[in-house]
Amino acid sequence: MSRPIAVFPGSFDPVTIGHWSIVQRALPLFSTIHVALGVNTTKRGMFELERREAWLRQAFQGMPQVNVIRFEGLTADLCERLGASFIVRGLRNSTDHGNERSIALMNHALRGVETLFLPALPEHAHISSTIVRELFANHADVGPFLPPGVSI
Ligand code: ADP
């Protein structure tokens, strides 16, 4: 049986080593993972979409199973368009779990899409795009929190 297709959606503002690690660990389960940069019309973000997309491409270059795309609208609709039966999400803590559970149930109710949760590795559980933005804004070295090969 061929392996299913998955979507890993996010704002990736910017992509972190935590995101990268989740994709690496999910990769053996899927034929393709579409890393989908969500265009949120109400939330502008700190980094331009072009830069966020370029960093995602750098992070996943040389991985033919990973496809970087941009999308607008509902993740469940994107999954249907791409023929993806799974959404991959990372869980860092119980707050993530609480939020993600509702979203996962809604995606299942809308389009029958299942969500696969992977726990953040202990060494990544404290890393978020929000904290990386904060460090960057205060001129701290964010290199250790970015995927290999990415510099911002
Ligand atoms: P969103 O705005 O949709 O939450 P993010 O870009 O912040 O998008 O995160 C995308 C996904 O990556 C989410 O499932 C989030 O929980 C997960 N994630 C973020 N940081 C980490 C991390 N350090 N370790 C594991 N998963 C993470």
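The values are calculated or read from the model by the stated rules, or taken from the named source; none is laboratory data. Small disclaimer: the values here were computed from a predicted structure and weren't measured. Positions of Cβ are backbone-derived with ideal geometry, glycine not excepted, and every protein chain shown enters the neighbour counts. Only protein heavy atoms, including side chains, enter the accessible area calculation; ligands, DNA and RNA are left aside. Shrake-Rupley method; radii C 1.70, N 1.55, O 1.52, S 1.80 Å.
About the centre of its Cα atoms, the chain shows a dipole size close to 180 debye [charges on the beta carbon of Lys, Arg (+1) and Asp, Glu (-1) only; nearest 20 debye].
For segment 68-150, what class follows from the C-alpha gyration tensor (a ≥ b ≥ c being the square roots of its eigenvalues): rounded when a/c is under 1.5, otherwise prolate if a/b is larger than b/c, else oblate? Prolate, because a/c is 1.5 or more and a/b exceeds b/c. Per residue, the chain exposes 55 Å² of accessible surface when a 1.4 Å probe is rolled over the protein heavy atoms with every protein chain present.
Ordering Trp55, Val39, Ile5 by the projection of their Cα atoms onto the charge dipole of the chain, which places +1 on the Cβ of Lys and Arg and -1 on the Cβ of Asp and Glu, puts Ile5 at the extreme positive end.
Under 5 Å between amide hydrogens, built in the peptide plane, is the criterion, and for Arg70 it picks out Leu37 among residues at least 5 positions away or on other chains.
Here the Karplus curve 6.51 cos²θ - 1.76 cosθ + 1.60, taken at θ = phi - 60°, turns the phi angles of segment 97-109 into couplings of 4, x, 5, 5, 4, 4, 5, 5, 5, 5, 5, 5, 5 Hz, with x standing for Gly and Pro. Residue separation of His139 and Leu116 scaled by 0.36 nm, minus their Cα-Cα distance, works out to 4.7 nm of gained length. Residues whose amide H lies under 5 Å from that of Leu116, counting only those 5 or more places away or on a different chain, are Ile87, Val88, Arg89; hydrogens are built 1.01 Å from N in the peptide plane. Please compute the Kirkwood hydrodynamic radius of segment 5-140 from all pairs of different C-alpha atoms, in Å with one decimal. Radius from the Kirkwood sum: 15.3 Å.
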